[in-house]
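Step one of this worksheet: look at the structure below.
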Amino acid sequence: MTTATIIGGGVAGLTAALALVQRGASVNLFERAAELTEVGAGLQLSPNAGRVLEALGLGPALDAVSIRSRGVRMWDARARPIAVLDFASRRPDARFRMIHRARLIEVLAKAVQASGATIRLSHVVDALPRDPLVIGADGLHSRVRQALNGTEVPYFSNQTAWRALISDPEPPLDGQGWVDLFLGPRKHLVSYPLAGGLRNIVAVAERYDWQAEGWSHKDDPANLQAAFVDFGGPVANWLARIEDTGIWGLFRHPVAPRWHDDSRVLIGDAAHPTLPFMAQGAALAIEDAWLLAACLDQISDQPSALMRFQQMRAPRATRIVALADQNARHYHLKGPKRIAAQSALRLMGRLSPERLVSRFDWIYDYDPVSQSV
Ligand SMILES: Cc1cc2nc3c(=O)[nH]c(=O)nc-3n(C[C@H](O)[C@H](O)[C@H](O)COP(=O)(O)OP(=O)(O)OC[C@H]3O[C@@H](n4cnc5c(N)ncnc54)[C@H](O)[C@@H]3O)c2cc1C
């Protein structure tokens, strides 16, 4: 195995560093931030990503800082039940985890530091190095993507997301909890518990004025409360407890047409940013990291290894990004279409709950670790 330069110390870059070092590569990772950390918010980590993290030896460390998810409970805006997607019962041996993003980064960073990889913080990569292998794990506004594909202009999805954490003293039963999804006309809200007595909230509403793409924008929690004032059940109580919230415009980016040349390759959001409506962005980044390391390990000619990597990854990433785009439309239906869609889901949930959950098997049952390269 070779020497790899990784640009970006997010989920994709750190996982790739660990996967490569474990296969004998020597790794230098550059991160522009002064420390390896993440904004305060939660992540759902589905079993397809969990299998990689477990194979890298991180299962116990993750279990110590996460809560097991049983699945998704869907409600309408007035908190009347629509359907329950019990993903855990369908695959009792696999783990869906709900985790604070900062905890995931800590677990990864600790393992990468112990692995012998070199991490350089506060280091913005401006001119791309001419190293034998450069991995662009540099996220949404990737330099490496730009170098390979030219400048691309994303377009605003007309959706704005708020993210917040509140304290939630009620411990979930048996260390397990549910993701609750409330669907209203032109808006929806997702919430789930996190370890350490926290609750994650993501609220998305259609707005036609442009919002910047990035979590550093703060908003007054009163704006979030006002936007979801018509939501029932526990929502008002949760929103009343928010002290601090960030707001972000959600943009759609096409999957990169070109992921590599002979010495540079993209992984994670740099290759395929996705709207968050399948909760698969970080999961795809983790899958990428494992499979890139596997391709480089098992195919000795580097250009062929990078070509094989894109061949293996692009169809799956494209399908998941498209599904998230589709959910963006379905979640926010209004009028008769919304009533019809929710009635159909209610009926299917009653008559054939298996059919409802099995639609996602191709995502969650995928095992990157057992893929043959
Ligand atoms: C609201 C919301 C909810 C989400 N929920 C989920 C979920 O439940 N489950 C899930 O799987 N995914 C979820 N995602 C998606 C997930 O957060 C991202 O897909 C994932 O974090 C991408 O990781 P990455 O490492 O590719 O990019 P990033 O996390 O963006 O990391 C890129 C890193 O590169 C660094 N960098 C950039 N440019 C340079 C440079 N020139 N020099 C040096 N360093 C540089 C940056 O500082 C950053 O640390 C969600 C996303 C959103 C918006």
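In the calculated pair-distance distribution of region 21-60, the portion above 15 angstrom amounts to 65 percent of the Cα-Cα pairs. Using a 10 Å Cβ count of at most 14 others and DSSP loop calls, identify the longest part of the chain lacking such GluC sites (Glu not before Pro). That would be 244-373.
For region 250-373, what is the Kirkwood estimate of the hydrodynamic radius, computed as the reciprocal of the mean inverse distance between distinct Cα atoms, to one decimal in Å?
Values: mean 1/r = 0.0613 Å⁻¹.
That comes to 16.3 Å for region 250-373.
For the chain, pairs of C-alpha atoms spaced more than 33 angstrom apart make up 28 percent of the total.
Once fully extended, how much extra length lies between Gln298 and Glu35, figured as 0.36 nm per residue of separation less the alpha-carbon to alpha-carbon distance?
Values: separation 263, 0.36 × 263 = 94.68 nm, distance 3.30 nm.
My answer for the length gained is 91.4 nm.
With an 8 Å cut-off on Cα pairs and a minimum separation of 6 or more residues, tell me the relative contact order of region 135-265 in percent. Walk me through the numbers before you get to the answer.
Numbers: 209 pairs, mean separation 46.1, N = 131.
Worked out over region 135-265, it gives 35 percent.
Taking all Cα-Cα distances within region 1-148, those exceeding 25 Å account for 38%. Helix-only arithmetic for the chain: the sum of -39500 (n - 2.57) across DSSP H runs with n ≥ 4, divided by the residue total, places the mean residue ellipticity at 222 nm at -11500 deg cm²/dmol.
Within region 155-252, the chymotrypsin sites (Phe, Trp or Tyr not before Pro) that combine a DSSP coil assignment with at most 14 other C-beta atoms in a 10 angstrom radius are Tyr208, Trp210.
Quick one: accessible area per residue over region 3-370, 1.4 Å probe, rounded to a whole number of Å²?
On the way: 15750 Å² over 368 residues.
On a per-residue basis, region 3-370 sits at 43 Å².
Within the same chain, lysines fewer than 8 places from Lys334 are excluded, and of the rest, those with a Cα less than 20 Å from its Cα are Lys187. Just the protein heavy atoms count here, and of the accessible area of the chain at 1.4 Å, carbon and sulfur take up 51 percent. When you filter the trypsin sites (Lys or Arg not before Pro) in region 29-97 for DSSP loop state and at most 12 other Cβ atoms inside 10 Å of their Cβ, you are left with Arg78. Dipole magnitude for the chain: about 1060 debye, using +1 per Lys or Arg Cβ and -1 per Asp or Glu Cβ, origin at the Cα centre. When only Cα pairs below 8 angstrom with a gap of at least 6 residues are kept, the chain shows a relative contact order of 23 percent. Database remark: amide H of Asp168 closer than 5 angstrom to the amide H of Leu198, Arg199 (H placed geometrically; neighbours at sequence offset of 5 or more, or on other chains; Pro and chain starts carry no H).
Counting only Cα atoms, the size of region 78-216 along its three principal axes is 56, 44, 30 Å, in decreasing order.
The values are calculated or read from the model by the stated rules, or taken from the named source; none is laboratory data. This one's a predicted model, so the numbers in the text were calculated from it and none came from an experiment. All Cβ positions, glycine included, derive from the backbone under ideal geometry; neighbour counts span all protein chains shown. Ligands, DNA and RNA are excluded from the accessible area calculation, which covers all protein heavy atoms including side chains. Shrake-Rupley method; radii C 1.70, N 1.55, O 1.52, S 1.80 Å.
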